[in-house]
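Step one of this worksheet: look at the structure below.
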Amino acid sequence: MGKSNIFSLDNLSLQDINEDAELIPLMTSEDEDEIERESLPEFLPILPLKNTVLFPGVVIPITAGRDKSIQLINDANNGDKVIGVVAQKDLNTENPGSKDIYNLGVVAKILRVLKMPDGNTTVIIQGKKRFEIEKVVKEDPYLIAQVSPVVEAKPADGNAEFKAIVDAIKELSLKIIKNSPAIPSEASFAIKNIETPSFLINFVSSNMNLRVKEKQELLATNDLKERALSTLKFMNIEYQKLELQNDIQSKVQSDMSQQQREYFLHQQMKTIQEELGGVSAETEIEEMRQQAKAKKWEDKIAKHFEKELGKLQRMNPQVAEYSIQRNYLELFLELPWNEFSKDKFDLKRAQKILNRDHYGLEEVKKRIIEYLAVLKLRNDMKSPILCLYGPPGVGKTSLGKSVAEALGREYVRISLGGLRDEAEIRGHRKTYIGAMPGRIIQSLKKAGTSNPVFVLDEIDKLGQSHQGDPSSALLEVLDPEQNNEFYDNFLEMGFDLSKIMFIATANSLNTIQPALRDRMEIINMTGYTIEEKVEIAKRHLVPKQIKEHGLKPDQIKLGKAQITKIVEGYTRESGVRGLEKQIAKVVRYVAKSIALEEEYNVKLSQADIASILGVAKLERDKYENNDVAGVVTGLAWTSVGGDILFIESILSKGKGNLSITGNLGKVMKESATIAMEYIKANAEEFGIDAGMFEKYNVHIHVPEGATPKDGPSAGITMLTSLVSLFTQRKVKKNLAMTGEITLRGKVLPVGGIKEKILAAKRAHIKEIILCEDNRKHIEEIDDTYLKGLTFHYVSDMKEVLQKAITKQKVKNAKTL
């Protein structure tokens with residue numbers, strides 16, 4: 001059955017009903033009395049209602065859809081038009097029987113029957129009086145039941161309490177009608193015109209928004225006063241709900257008005273931006289969403305991005321945080337999540353590239369080829385952290401570029417020299433204005449892949465400040481066990497760095513934090529020999545400078561002899577940076593001659609080199625003769641490579657004091673003291689008069705005085721110098737030495753051997769004395785670099801003196 005409206009009958013007004021049925025729905029007391037006097041038929045056809053309850057005196061429309069209901073209505077309409085109306089217990093029951101309906105119902109009179117366009121039948125009925133079903137006597141074609149009337153207990157006339165309840169119902173009804181937008185205002189006139197209390201109670205009960213069960217309980221209440229109280233209780237609940245709904249609706253309407261205002265303003269801004277050729281915020285967000293669909297990121301990252309994009313969508317584009325959030329999301333889209341370049345595992349091609357770009361450096365190139373070989377076999381190896389350690393200008397940084405080309409990877413380089421802020425590595429938190437990701441993430445964004453060759457230049461020159469220690473921040477970056485989830489403060493997500501091949505460069509290991517040094521594989525890149533420098537100049541430096549100065553290869557010719565002269569006379573370094581500057585100076589001279597149309601020799605001679613570069617500056621380091629007693633050539637290691645130095649000692653009358661000059665460090669001074677005490681202890685064996693130590697002062701000097709020097713390597717050199725001085729016997733020509741000594745006269749190994757050997761070759765040294773334990777370091781050097789050198793390996797000082805000091809006394813030897 002259909003559901004009734006509150007005060008309208010499915011677009012049929014009460015006036016239409018009256019005109020057809022000649023019945024006024026607003027019952028008077030006389031109408032009630034008349035209905036009470038009417039007799040109730042013993043048997044009534046029963047019409048079950050699905051979702052409503054009919055009350056006495058109330059007019060409602062009912063839509064009949066079931067065949068039994070339609071037949072019942074047609075039969076009754078053709079007869080006395082009186083039926084019994086009862087609510088069914090479960091509205092889902094399609095064919096209700098005697099057990100599916102309530103026992104209490106209302107006798108109804110059919111006022112009008114209407115055929116609807118959809119085939120259903122709408123019947124307008126009015127309730128008369130209540131009845132109770134004694135028993136159902138027939139179920140086909142519809143229910144017919146034996147019924148009996150139910151007497152209603154009414155309060156006595158003039159009952160003040162009942163009158164107050166009825167007045168409250170009427171007043172509350174008017175408030176509900178006024179505050180409810182769903183009830184037409186005309187309903188208030190109907191309420192005001194109802195005079196009969198029982199009809200008012202039934203009319204209100206029928207039109208309240210209650211469940212069928214609750215309405216049935218009201219109908220079954222025999223005491224009219226109790227029914228009035230229950231009705232008032234339900235009305236109060238209804239009114240409170242209505243007030244709450246109206247309050248919420250008012251707030252929502254206010255919020256909606258503000259949102260609509262902002263919407264219209266945003267639409268106007270969007271139109272203005274489009275007119276000016278810009279892109280609206282909504283368009284940007286949609287473009288980001290489309291770009292995100294093409295990214296190869298994991299579900300966790302995708303969810304995070306969608307959440308952050310939602311934040312941006314809710315932001316006002318005019319606030320400062322909007323641009324930060326947009327930059328954050330743009331970074332997400334630009335980062336190469338799980339995007340890798342394909343490695344090239346052609347090892348022969350890789351060898352050719354490394355040999356093409358770098359002459360020498362065999363150990364380094366061998367290590368890189370080994371790495372490529374393992375990567376080719378496993379294809380999932382975590383990239384190692386290589387640290388190329390050596391003096392400036394030996395090609396540490398450029399080697400990284402060659403490795404990237406050999407692997408077929410992108411090349412990224414960041415300079416860490418002077419970096420003092422931890423945020424440069426880890427990034428800033430994006431809550432700050434002007435926040436940016438760290439250098440690692442920024443560089444990956446530029447590279448476009450997650451597995452580039454990453455060169456960390458000058459890692460030994462990282463600084464510290466109150467803003468943190470960047471070398472500590474690098475601990476996570478350079479740890480293959482941790483960097484698969486590198487956390488950047490700006491990104492707020494872990495990023496996988498484990499597929500990156502990191503190559504760090506350093507000039508000194510002493511300034512690198514021990515924990516950081518432990519994470520890297522140190523590869524020592526020593527300096528170049530003269531022969532290597534000449535080859536590097538011919539292959540790389542000269543062609544590069546010719547091109548950079550706008551010349552053609554046939555406009556200048558530099559031969560091997562000329563390049564050798566530049567190397568030997570104008571450079572003193574392990575690398576080739578100074579050599580390149582000198583070659584650039586020569587090329588500039590030729591460029592100037594061409595521009596001024598002056599004559600010059602295309603094939604430059606050594607005289608031309610001397611004319612262009614001036615007098616050779618470093619000839620004094622070639623060699624100084626040992627004709628004077630106490631002068632010995634030593635080998636030293638410096639941060640720019642190897643070098644030779646001269647230990648000079650002299651005697652003067654005094655009380656046996658020892659003085660040392662030459663800007664020496666503490667260790668070097670201790671070496672001199674040890675040498676002096678060793679000589680005193682073994683004076684007789686060396687043929688030295690012990691009384692001399694009390695008659696003469698000894699002074700040791702190491703030129704150049706302005707250059708700081710330290711380390712134990714000059715120990716055997718100092719001892720040889722002192723023995724030469726006390727015995728007045730000269731040291732062999734073209735001889736140099738390096739090694740540490742002990743009070744027992746033992747010779748200990750030292751470091752920097754290759755750099756020292758290169759320095760010896762530059763100075764045209766022929767013989768070198770080394771500790772026996774340094775033999776293995778000499779064997780690691782290519783034989784071509786050792787050409788012309790003779791090595792003497794010793795274990796104690798007596799062997800050093802036997803090989804270094806001649807039996808011949810110097811000319812004009814002092815009488816001691």
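The values are calculated or read from the model by the stated rules, or taken from the named source; none is laboratory data. Model, not experiment: these values are computed from the prediction. In this analysis, Cβ positions are derived from the backbone assuming ideal geometry, glycine residues included, and neighbour counts consider all displayed protein chains.
Criterion first (touching a strand residue (DSSP E or B) at 6+ places or on another chain (Cβ under 7 Å), among the charged types (D, E, K, R), closer than 22 Å to Asp796 by Cα and not in a strand (DSSP E or B)) does Lys680 satisfy it? So Lys680 does not fit the description; no. Taking the stretch 130-228 as the region of interest, the helices (runs of 4 or more DSSP H) fully inside it that hold 3 or more residues being crowded, with 17+ Cβ neighbours inside 10 Å, of a type outside the set (Gly, Ala, Ser) and touching a residue at least 40 places away in the same chain (Cβ under 8 Å) are 160-179, 197-207, 212-220. Report whether or not Ser450 is out of contact with any Ser or Thr (no Cβ under 8 Å at 6 or more places or on another chain), surrounded by fewer than 18 Cβ atoms within 10 Å (Cβ to Cβ), modelled with pLDDT of 80 or more and of a type in the set (Gly, Ala, Ser). Criteria not met by Ser450. Considering the conditions (1) within 16 Å of Leu361 (Cβ to Cβ); (2) modelled with pLDDT under 85; (3) within 26 Å of the chain's Cα centre (by Cα), Ile503 is excluded by exactly one of them, (2). Within the stretch 459-490, the residues that satisfy the criterion of being surrounded by 20 or more Cβ atoms within 10 Å (Cβ to Cβ) and in a helix (DSSP H, G or I) are Ile459, Asp460, Pro470, Ser471, Ala473, Leu474, Val477, Asn483. Name the single residue that is farthest from the chain's Cα centre (by Cα) among those in the stretch 305-324 being buried (at least 16 other Cβ atoms within 10 Å of the Cβ) and touching a residue at least 40 places away in the same chain (Cβ under 8 Å). It comes out as Pro317. Of Leu758, Leu816, Leu725, which residue is at pLDDT below 85 and in contact with a Gly (Cβ under 6 Å, 6 or more places away or on another chain)? Checking each option against the conditions leaves just Leu758. For the stretch 102-129, the set of residues classified as within 26 Å of Glu32 (Cβ to Cβ), among the polar types (S, T, N, Q) and assigned to a strand (DSSP E or B) consists of Gln126 only. Figure legend. Inter-residue proximity from the stretch 540-553: first residues assigned by TED's automatic domain parsing to the domain that holds Ala591, second residues not in a helix (DSSP H, G or I), beta-carbon distance below 7 Å, spacing 6+ or different chains. Indicated pairs: Leu541/Val576; Val542/Leu558; Ile546/Ile556.
To keep it simple, each residue is scored yes or no on (1) of a type in the set (S, T, N, Q); (2) under 13 Å from Ala736 (Cβ atoms); (3) outside the structural domain of Ser713 (by TED's automatic domain parsing).
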| residue | (1), (2), (3) |
| --- | --- |
| Glu767 | no, yes, no |
| Lys776 | no, no, no |
| Asp782 | no, no, no |
| Thr790 | yes, yes, no |
| Glu799 | no, no, no |
| Ile805 | no, no, no |
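Can you go through Ala406, Ala350, Ala373 and tell me which one is part of a helix (DSSP H, G or I), of a type outside the set (Asp, Glu), free of Cβ contacts under 8 Å to residues at least 40 places away in the same chain and touching a Leu at 6+ places or on another chain (Cβ under 7 Å)? Answer to the check: Ala373. Look at Ala153 and say whether it is farther than 24 Å from Leu54 by Cβ and of a type in the set (Gly, Ala, Ser). Answer is no for this residue. Regarding Arg261, is this residue within 30 Å of Phe340 (Cβ to Cβ), modelled with pLDDT under 85 and not β-branched (Val, Ile, Thr)? Here the answer is no, as Arg261 does not meet what is asked. Given the criteria buried (at least 16 other Cβ atoms within 10 Å of the Cβ) and either touching a Lys or Arg at 6+ places or on another chain (Cβ under 9 Å) or acidic (Asp, Glu) (or both), does Glu779 qualify? So Glu779 fails the test. Where helices (runs of 4 or more DSSP H) fall wholly inside the stretch 705-787, the ranges with 1 or more residues that are over 30 Å from Lys653 (Cβ atoms) are 753-762, 775-779. Of everything in the stretch 576-596 that's free of Cβ contacts under 8 Å to residues at least 12 places away in the same chain and closer than 18 Å to Lys557 by Cα, which residue is surrounded by the most Cβ atoms within 10 Å (Cβ to Cβ)? That would be Ser593. Out of Ile757, Ile765, Ile753, one residue alone is touching a helix residue (DSSP H, G or I) at 6+ places or on another chain (Cβ under 9 Å) and without any contact (Cβ under 8 Å) to a residue 40 or more places away in the chain. It is Ile753. Among the residues of the stretch 21-53, just one is modelled with pLDDT under 60 and exposed (fewer than 12 other Cβ atoms within 10 Å of the Cβ), namely Glu22. Only a single item in (1) surrounded by 16 or more Cβ atoms within 10 Å (Cβ to Cβ); (2) outside any loop (DSSP other than H, G, I, E, B) is not met by Glu573, and it is number (2). No other residue among Val586, Val576 is in contact with a Leu (Cβ under 9 Å, 6 or more places away or on another chain) and more than 23 Å from Arg356 (Cβ to Cβ) apart from Val586.
Evaluation of Pro391 against the conditions (1) in a loop (DSSP other than H, G, I, E, B); (2) within 29 Å of the chain's Cα centre (by Cα) shows that the sole unmet condition is (2). Scanning the stretch 127-168 for residues that are among the charged types (D, E, K, R) and more than 21 Å from Asn202 (Cα to Cα) returns Glu134, Lys135, Lys138, Glu139, Asp140. Within the stretch 104-119, residues that are in contact (Cβ under 8 Å) with a residue 24 or more places away in the chain have Cβ atoms under 8 Å from residues that are small (Gly, Ala, Ser) and surrounded by fewer than 20 Cβ atoms within 10 Å (Cβ to Cβ) in these pairs: Leu104/Ala220; Leu111/Ala21; Arg112/Ala21, counting only partners at least 6 apart in sequence or on another chain.
Leu735 falls short on exactly one of the conditions (1) within 27 Å of Lys787 (Cβ to Cβ); (2) surrounded by fewer than 20 Cβ atoms within 10 Å (Cβ to Cβ); (3) over 58 Å from the mean Cα position of the chain (by Cα), and that condition is (2).
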